[in-house]
1. Could you list, in sequence order, all residues of the range 198-209 that are buried (at least 19 other Cβ atoms within 10 Å of the Cβ) and more than 10 Å from ligand 2 (Cβ to nearest atom)?
2. Restricting attention to the range 45-100, report how many residues are more than 25 Å from L179 (Cα to Cα), among the small types (G, A, S) and in contact with a helix residue (DSSP H, G or I) (Cβ under 6 Å, 6 or more places away or on another chain).
3. Return the residues of the range 181-218 that are among the polar types (S, T, N, Q), in a loop (DSSP other than H, G, I, E, B) and within 16 Å of ligand 1 (Cβ to nearest atom); say none if nothing qualifies.
4. With respect to the numbered conditions (1) away from ligand 2 (no atom under 16 Å from the Cβ); (2) farther than 20 Å from F126 by Cβ; (3) crowded, with 19+ Cβ neighbours inside 10 Å, which one is the sole condition not fulfilled by K287?
5. Exactly one of (1) within 16 Å of ligand 2 (Cβ to nearest atom); (2) more than 16 Å from the chain's Cα centre (by Cα); (3) not small (G, A, S) is unmet by E195. Its number?
6. Identify, from the list V221, V274, the residue that is more than 16 Å from ligand 1 (Cβ to nearest atom) and touching a strand residue (DSSP E or B) at 6+ places or on another chain (Cβ under 7 Å).
7. Considering each of L158, L178 in turn, give the residue that is in a strand (DSSP E or B) and in contact with a helix residue (DSSP H, G or I) (Cβ under 8 Å, 6 or more places away or on another chain).
Amino acid sequence: MSSSILVTGGAGYIGSHTVLQLLLGGYKAVVVDNLDNSSEIAVKRVQELAGEHGSNLTFHKIDLRDKPALEQLFASEKFDAVIHFAGLKAVGESVQKPLMYYDNNLIGTIVLLEVMAAHGCKKLVFSSSATVYGWPKVVPCTEESPISAMNPYGRTKLFIEEICRDIYQSDSTWKIILLRYFNPVGAHPSGYIGEDPRGIPNNLMPFVQQVAVGRRPALTVFGTDYGTKDGTGVRDYIHVVDLADGHIAAVNKLADPSVGCEVYNLGTGKGTSVLEMVAAFEKASGKKIPLVTAGRRPGDAEIVYASTDKAERELNWKAKYGIDEMCRDQWNWASKNPYGYESPESTN
Ligand code: NAD
Ligand code: UDP
């Protein structure tokens, strides 16, 4: 019988791509999502893309903080592991509404962990973030680099990591993998699923994508005076399909008896500036992206990129795609779905 994986936040950007890779890898996937920042259309499309494996996907519209609903789900089905994506992720919003972030991200996680423990499901893969490296003094960031938080969103990641370490300390039958993602971009090569943020995008590539399709006039470049090759911020962009594959590697790793509570970076190990990313997108799309320059965005680090050695060594996973493929697939998704899942031609 195939392993059954509960995927919280599985209707979202990274979750939907991961669910597809799980299904294609022969897993059963049960998605729990409150659809706060996603559309059920994404789940339907994943089902279609998975072909004959599509029937191994089920969806439940549940908020993680709804303990009775989660209890009921765990009582009705046995899960081999949980991949926990569900959470709010907008840095600026977290500064404005810290309690909303602590409530959703921390309470949601605590309820999930309580219900997992009560049902003897003690294998977890958690979506952490490179944001826990703050403004790194040294790059590449290794899993041993100092961690800190620059805003309430980042603090929820830091706190949840600590909660996981405490749980493992108290009960070594837990197996927990904390994945620190760098900057996920791109979309499935089919152009059928991709990122569809609500409101004004906070992140670089969703914004660039909306400029390319004419939804916004220009990209504002935050900071041109950094000590980088062209003065703009440098990040480690990773294709979302590579990132999704990293989760399959992590789930497989949970079967290793030596695993306790482990952290892995998921990045490419390469740093790319804002202007380099814009140039790659212009090449992939044939569209000119008008730029407006502005001062640095508060809380932004100068250069962040990953050391990928530990994930390569222990998860046997390595990113395959470069920025040209990321931009090609992002444009394929954007041009087919200029208004995301709500695009008139794509609604089904
Ligand atoms: P997303 O918003 O597309 O997906 C998150 C999903 O969780 C959404 O579908 C949302 O509806 C759901 N959700 C939120 N709160 C919930 C709750 N209380 N109960 C049930 N469902 C809930 O975001 P994403 O980009 O796919 O990110 C997934 C995870 O990865 C998040 O935890 C995020 O913090 C983390 N992460 C993302 C990035 C990034 O740049 N995208 C980087 C590092 C870490
Ligand atoms: N950025 C930008 N304009 C935008 C959004 C982002 O210039 O509209 C820059 C930002 O300053 C950073 C890089 O793009 O140097 C990546 O930002 P993003 O928010 O995508 O990721 P994060 O900063 O969280 O790593």
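Taken together, the values in this text are just the output of simple stated rules run on the coordinates, not laboratory data. Everything numeric here is computed off the predicted structure, so don't read it as measured data. Positions of Cβ are backbone-derived with ideal geometry, glycine not excepted, and every protein chain shown enters the neighbour counts.
1. Hit for the range 198-209 is Q209, nothing else.
2. 1
3. Filtering the range 181-218 for residues among the polar types (S, T, N, Q) gives 183, 190, 202-203, 209-210.
Right, trim to in a loop (DSSP other than H, G, I, E, B) and you get 190, 202-203.
Of everything in the range 181-218, those that are among the polar types (S, T, N, Q), in a loop (DSSP other than H, G, I, E, B) and within 16 Å of ligand 1 (Cβ to nearest atom) turn out to be N202, N203.
4. Condition not satisfied by K287: (3).
5. With (1) within 16 Å of ligand 2 (Cβ to nearest atom); (2) more than 16 Å from the chain's Cα centre (by Cα); (3) not small (G, A, S) applied to E195, the lone miss is (2).
6. Numbers: V274 fails: more than 16 Å from ligand 1 (Cβ to nearest atom).
Being more than 16 Å from ligand 1 (Cβ to nearest atom) and touching a strand residue (DSSP E or B) at 6+ places or on another chain (Cβ under 7 Å) holds for just one of V221, V274, which is V221.
7. Working: L158 fails: in a strand (DSSP E or B).
So the residue among L158, L178 that is in a strand (DSSP E or B) and in contact with a helix residue (DSSP H, G or I) (Cβ under 8 Å, 6 or more places away or on another chain) is L178.
A quick yes/no check of all residues on (1) in contact (Cβ under 8 Å) with a residue 60 or more places away in the chain; (2) within 21 Å of E325 (Cα to Cα):
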site: R165; (1), (2): yes, no
site: S170; (1), (2): no, no
site: V208; (1), (2): yes, yes
site: Y237; (1), (2): yes, yes
